[in-house]
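S.K.: Structure incoming, see below.
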Amino acid sequence: MDREDLDRNFGFLLHDVARLMRTVFDRRGRELGLTRSQWWVLTMLYAKEGVTQSELADFMELEKPTLGRLLDRLEEKEWVERRTDTLDRRVNRLYLTDKVQEIMRALRNTAAEVRKDALGDLDDVERERFIDTLMKIKTNLLSLDDSRPDLPAREALVAAADD
């Protein structure tokens with residue numbers, strides 16, 4: 001494969017765009033005093049507040065002890081709290097605290113700015129067509145996984161979360 005083919009290779013291009021977006025977001029997120037791991041956990045909790053630590057580790061594809069250490073640091077900052085499940089006292093559910101809400105607003109604003117900058121001069125029709133195309137690709141890939149009998153737990157969780 002020559003250089004020109006790699007530049008237009010869908011997989012390489014998508015990976016590179018995602019990497020560049022993370023890099024730009026990281027740079028802007030540092031101004032908020034957050035590491036990538038911290039903003040990632042906070043963002044996942046924002047989307048899935050009330051999950052258990054195990055569910056969150058599975059969803060984020062992290063080892064439970066790694067996530068536990070991240071949660072410990074976020075709990076020390078009083079940004080995250082673990083609450084005992086009402087039906088099973090052995091289980092803790094994860095919640096964002098009121099103290100982190102201002103940071104979450106700043107994170108959401110930063111993410112919106114990065115997306116806006118990434119989309120640049122695309123007009124509204126181009127933007128909608130691009131998002132629609134990405135959604136179709138995601139659906140195609142999820143349907144491939146749904147047809148496999150050995151579907152890993154993480155993909156099943158993602159598929160269920162998207163329903």
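S.K.: Let me have the 222 nm mean residue ellipticity of the chain computed from DSSP H runs of 4+ only, each contributing -39500 (n - 2.57), with the sum over all residues rounded to the nearest 500.
M.R.: -22000 deg cm²/dmol
S.K.: Okay, next question. Just to be sure I understand, if you calculate Cα extents along the principal axes in Å for this structure, which of (1) 60, 39, 29; (2) 46, 31, 30; (3) 55, 45, 31 do you get?
M.R.: Here Cα extents along the principal axes in Å agrees with entry (3).
S.K.: Most mobile of ASP98, ASP26, ASP132 per a Gaussian network model of the chain (Cα springs, under 10 Å)?
M.R.: Of the options given, ASP132 has the highest mean-square fluctuation.
S.K.: Okay, next question. Among THR86, THR23, rank each residue by its count of other Cβ atoms within 10 Å, from fewest to most, as a rough exposure measure.
M.R.: Sorted ascending by nearby Cβ count, the order is THR86, THR23.
S.K.: How large is the charge dipole for the chain, taken about the Cα centre, if only the Cβ atoms of Lys, Arg (+1) and Asp, Glu (-1) carry charge, to the nearest 20 debye?
M.R.: Dipole about the Cα centre, nearest 20: 640 debye.
S.K.: Continuing with the same structure: Show me, for region 57-74, the HN-Hα J-couplings you get by feeding each phi into the Karplus relation (A = 6.51, B = -1.76, C = 1.60, θ = phi - 60°), rounded to Hz, glycine and proline as x.
M.R.: Working through the residues one at a time gives 4, 4, 4, 8, 6, 10, 5, 4, x, 5, 5, x, 5, 4, 5, 4, 5, 5 Hz.
S.K.: Using the 10 angstrom Cβ neighbour count as an exposure proxy, how do ARG73, ARG19 rank, fewest first?
M.R.: Going from least to most buried by this count: ARG19, ARG73.
S.K.: Let me ask something else about it. Considering only LEU67, ALA18, ALA106, whose Cα is most displaced toward the positive end of the charge dipole of region 3-119, charges sitting on Cβ of Lys, Arg (+1) and Asp, Glu (-1)?
M.R.: Sorting the options by dipole projection puts first ALA106.
S.K.: Say we join alpha carbon atoms closer than 10 Å with springs in a Gaussian network model of the chain; which of LEU134, LEU42, LEU34 then has the biggest fluctuation?
M.R.: LEU134
S.K.: Continuing with this model, one more query. Which lysines, on any chain, are close to LYS64 with Cα under 22 Å apart, when same-chain ones fewer than 8 places away are left out?
M.R.: Partners found: LYS48, LYS77.
S.K.: Treating the angle as unsigned and between 0 and 90°, give the value, to the nearest 10°, between the Cα long axis of helix 124-146 and the longest Cα principal axis of the chain.
M.R.: Helix 124-146 sits roughly 70 degrees off the main axis of the chain.
S.K.: Quick one: Karplus J couplings for region 19-24, per residue in order, coefficients 6.51, -1.76, 1.60, θ = phi - 60°, nearest Hz, x for Gly and Pro?
M.R.: 4, 5, 5, 4, 4, 4
S.K.: Using r as the Cβ-Cβ distance of MET135 and LEU20, and R0 as 35 Å, what FRET efficiency do you calculate, to the nearest 0.05?
M.R.: Calculated value: 0.95.
The numbers here are math on the coordinates, done by the rules we state, and not lab data. Just so it is clear, the structure is predicted and the values come from calculations on it, not from any experiment. Glycine gets a Cβ as well: all are built from the backbone with ideal geometry, and neighbour counts include every protein chain shown.
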